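Working notes, beginning with the structure itself.
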Amino acid sequence: MPYSGLDLTGRKALVTGAARGIGAALAVGLAQAGADVAASDLPTATARAGLADTVRRIHDAGRAGFGCDLDVSDVASVGPTLERVASGLGGLDILVNNAGIRRRAPALEVTEDDWDAVLDTNLKGAFFCAQAAARLMIPHGFGRIISISSQLALVGAPHRAAYCASKAGLANLTRVLALEWAEYGITVNAIGPGPTTTPGLLAADARDADAVQAELSVKMPLGRRMDAEELVGAAIYLASDSAGATTGHLLVVDGGWTAI
Ligand code: NDP
């Protein structure tokens, strides 16, 4: 018999930025573990096409689910969207704050627009999604909020000033929310992925395969980039009843990057 502590049957989840990459993998993985899942992303034709594929895979897992528009940096739309999601799913138990962007540039060349775009999505968006989710979870005395931070919450990387600041901020925001919402039965945790092959990472990294491999062989004991599916087990655990005593934690899944 499978271990029931990791079973998400009956749970209702929202994953942001779920049209592709890590968000899509986590949305499908939560469904495969038993949850009904809403998958949200930017209100664009490309994102909607990606969401349709994510939702098809949620349905293939035998779970209910739907896609919806949500630009997490549009704070005014966050509360009403999460209320519609909860209404459509029949509740909201799990939020995965996955939506995130990267804009690489030397610190001397970072513009205010770059800084605001990265912080508005990766940190401010995650906070207001968490706030809206907690308001829906508190009356039920249960919630799981999981934010996708990064191994770069713990160590720096050149040309990623805003990104590293946003991910370190998200890791410590996780601790604050964990302290405030523990009394309501809500756990708040973060996952810190290392380099993971996704459309977003590939688009941001113009280096050839040899240059990437040279860096990985020095900085990543795993010796390769991770696959998004290698993050699914961590998310299922943090979303599950098994993780009731795990809160305020950054669960690093980085192929050993921060072990060096
Ligand atoms: P991708 O760019 O492949 O996917 C992210 C998705 O989020 C895209 O569909 C993107 O849309 C969407 N998105 C962007 N901005 C917003 C917004 N304002 N509101 C809603 N959705 C938005 O990224 P990854 O899958 O690689 O990354 C997912 C998360 O994991 C991010 O938070 C990232 O920082 C984090 N992470 C990724 C790592 C990696 O190596 N891949 C490592 C560590 C952390 P669009 O395509 O239009 O931009």
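List of remarks:
- Whole-Å distance, taken between Cα centres, linking region 61-98 and region 204-260: 26 Å
- Kyte-Doolittle mean at least -0.5 and Cα axial length at least 27 Å: DSSP H helices in the chain: 161-181
- Along the axis of the charge dipole computed for the chain (Cβ charges of +1 for Lys and Arg, -1 for Asp and Glu, origin at the Cα centre), the listed residues Ala206, Tyr237, Gly91 are led at the positive end by Tyr237.
- Calculated mean residue ellipticity at 222 nm for the chain: -13000 deg cm²/dmol, from DSSP H runs with n ≥ 4 weighted as -39500 (n - 2.57), summed, divided by the residue count and rounded to 500.
- Length added when fully stretched, Ser87-Ala211, from 0.36 nm per residue minus Cα-Cα: 39.8 nm
- Assuming charge only on the beta carbon of Lys and Arg (+1) and of Asp and Glu (-1), the dipole of region 198-260 about its Cα centre is about 140 debye to the nearest 20.
- The simple Förster model, with R0 at 25 Å and r as the Cβ-Cβ distance, assigns Thr46 and His140 a FRET efficiency of 0.10.
- Burial ranking of peptide ranges 6-14, 209-217, 123-131 (average Cβ count within 10 Å, highest at the top): 123-131, 6-14, 209-217
- When only alpha carbons of region 36-160 are considered, Rg and Dmax amount to 16.0, 50 Å.
- Residues of region 217-255 with amide N under 16 Å of the 7 Å Cα→Cβ point at Tyr3: 232-246
- A simple spin-label model places the labels of Glu180 and Gln131 0.8 nm from each other, with each point 7 Å out along Cα-to-Cβ.
- Average Cα contact separation per residue, the chain, under 8 Å, 6 or more apart, as relative contact order %: 20 percent
- Distant-in-sequence amide H partners of Leu250 (H built 1.01 Å from N, under 5 Å): Ala190
- Accessible area per residue for region 8-252 is 42 Å², calculated with a 1.4 Å probe on protein heavy atoms, without ligands, DNA or RNA.
- Under a model in which nothing but the beta-carbon of Lys, Arg (+1) and Asp, Glu (-1) is charged, region 8-252 shows a dipole of about 380 debye around its Cα centre.
- Expressed as a whole percent, the accessible area of the chain that falls on carbon and sulfur atoms is 55 (1.4 Å probe).
- Nearest-20 debye value, region 25-132 charge dipole, Cβ charges on Lys, Arg, Asp, Glu: 420 debye
The values are calculated or read from the model by the stated rules, or taken from the named source; none is laboratory data. What you see is a predicted model; the values in this text were computed from it and never measured. All Cβ positions, glycine included, derive from the backbone under ideal geometry; neighbour counts span all protein chains shown. Ligands, DNA and RNA are excluded from the accessible area calculation, which covers all protein heavy atoms including side chains. Shrake-Rupley method; radii C 1.70, N 1.55, O 1.52, S 1.80 Å.
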